[in-house]
1. Out of (1) closer than 30 Å to S127 by Cα; (2) not in a helix (DSSP H, G or I), what's the single condition that is false for P196?
2. Taking segment 261-280 only, how many residues are out of contact with any Phe, Trp or Tyr (no Cβ under 8 Å at 6 or more places or on another chain) and closer than 22 Å to A118 by Cα?
3. Restricting attention to segment 129-168, report how many residues are within 23 Å of the chain's Cα centre (by Cα) and either closer than 20 Å to N212 by Cβ or at pLDDT below 95 (or both).
4. Given the conditions (1) modelled with pLDDT of 95 or more; (2) over 23 Å from F37 (Cα atoms); (3) of a type in the set (V, I, T), report the number of the one that I219 does not fulfil.
5. What strands (runs of 3 or more DSSP E) lie completely within segment 1-98 and have 3 or more residues being surrounded by fewer than 16 Cβ atoms within 10 Å (Cβ to Cβ) and either touching a helix residue (DSSP H, G or I) at 6+ places or on another chain (Cβ under 8 Å) or free of Cβ contacts under 8 Å to residues at least 60 places away in the same chain (or both)?
6. Residues in segment 176-184: is at least one assigned to a helix (DSSP H, G or I) and either within 19 Å of R16 (Cβ to Cβ) or modelled with pLDDT under 95 (or both)?
7. Using beta carbons and a limit of 8 Å, which pairs, at least six apart or on different chains, have the first residue in segment 249-264 and exposed (fewer than 12 other Cβ atoms within 10 Å of the Cβ) and the second one part of a loop (DSSP other than H, G, I, E, B)?
Amino acid sequence: MAIHTSFADFGRGRARYHCMDSAGPQLHFAHANGLPFATYRTFLELFADTYTVCGMDNRGAWPAQPAPRRGYDWYDHADDLVAFLEQQYDEPVIAIGHSIGGSVSLFAAERRPELFRALVLIDPATSPNKLLDWLLRLTPRMIGGRIQIIRKTRERRRHWESRDEFIAHHRTRRAFRDFTEEALRDYADGGLEDSPDGRLKLVFDPAWEAYNFLTTPYIWDALSTISVPTLLLSAEHTYLHDRTVLLHHAKRFADSVEYQILEGLHHLAPQQDPAAVASIVTSWLSSRGTR
C-alpha cells in the first residue's frame, strides 16, 4: 500500500508527514525514535481498511532541521504534534504511538485532550525514575556520555551504498534480529533517502536520535492524570522497566487507563509481530466504539 509523503510548516518548522491510501475515522500514528512513519508500513497497513492512517514524523526526520539545542525536550515534541493536529484535522483523532511516539502523544493529550478520541501507547519510553530525569536535565553531557545507547547512536553510520547493504548489516544487530523480513525491508525503504552524493542516507538524523534518548522524561505521573481513554501496551521483554515497575505505577493510573502485557514481545513489538499487536489494538478500539 502506498504511503504519500508531504511537507508543510505548521508554525514550528517544515515538517514531514505521511498518509496512506485508506478511509475511515482519523488515526494518527507517532513512531519510535529513529524509525520514521514510513518504516511501519506493514504494521500500519493492518489499520488501513478501517481508519484513515496518517502521521507526522518526529522533528529528527524533518528536512534541513538544525541540530538539537539544549532545553528542547519531549514536551516540545508534544507541541509539534498539537500544532499538526490543529491544522490537519477538524475532528478528534485516535492516536497510536510507539516508544517516544507514545510518550509524546500522551503529553499532547494531557495538554489538549479535546484533540483526541483515544490513545494507544505501545511500550512508551520513559526515564526509569525522577532522579535520572532530573540529572539528565541538569547535566546532560556528563550523564549522557555514560549511557551506552546514546554513545552508540551518536556514532551511527549515516550513509549506505544500497538498501540491500543496509538490510544485511542490520539483520545481524541485536536490536533488529527479531524483525520480520517485511519489517526489515520497511526499515530500509522508509528509513533511507537519496543523498546528493548518489548514496543513501538515514532519514532520521542520528544527532536528534541521540538527543531524544538523552532527554527521555518520566511519564508515569501523566498516566495518573490523563482523561482521554488510554490503552497502555507494555512489552514483556522491554528494556525500559520490568513488570514490577509497571504494576507499581498501575496502582495510580487514572480510571481512563487500561493496560496489557505484550507476552513474548520486546520493545520493538510492531516490527517483531505486527499482526499480534494490531489485533490487540483494533479489538480495544472496537470495544471503545471507535471503529
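The values are calculated or read from the model by the stated rules, or taken from the named source; none is laboratory data. As the structure is a computational prediction, the values presented were derived from the model and not from experiment. Please note: Cβ atoms are built from the backbone with ideal geometry, for glycine as well, and neighbour counts cover all protein chains shown.
1. It is condition (1) that P196 fails.
2. The total comes to 7.
3. Count: 21.
4. It is condition (2) that I219 fails.
5. Of the strands (runs of 3 or more DSSP E) lying wholly inside segment 1-98, those with at least 3 residues that are surrounded by fewer than 16 Cβ atoms within 10 Å (Cβ to Cβ) and either touching a helix residue (DSSP H, G or I) at 6+ places or on another chain (Cβ under 8 Å) or free of Cβ contacts under 8 Å to residues at least 60 places away in the same chain (or both) span 3-9.
6. There is at least one residue in segment 176-184 that is assigned to a helix (DSSP H, G or I) and either within 19 Å of R16 (Cβ to Cβ) or modelled with pLDDT under 95 (or both).
7. E263/E236
Listed here are the residues, each with its yes/no results for (1) over 18 Å from the mean Cα position of the chain (by Cα); (2) of a type in the set (S, T, N, Q).
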{"residue": "T216", "(1), (2)": "no, yes"}
{"residue": "P229", "(1), (2)": "yes, no"}
{"residue": "T238", "(1), (2)": "no, yes"}
{"residue": "H241", "(1), (2)": "no, no"}
{"residue": "A250", "(1), (2)": "yes, no"}
{"residue": "H267", "(1), (2)": "no, no"}
{"residue": "S279", "(1), (2)": "yes, yes"}
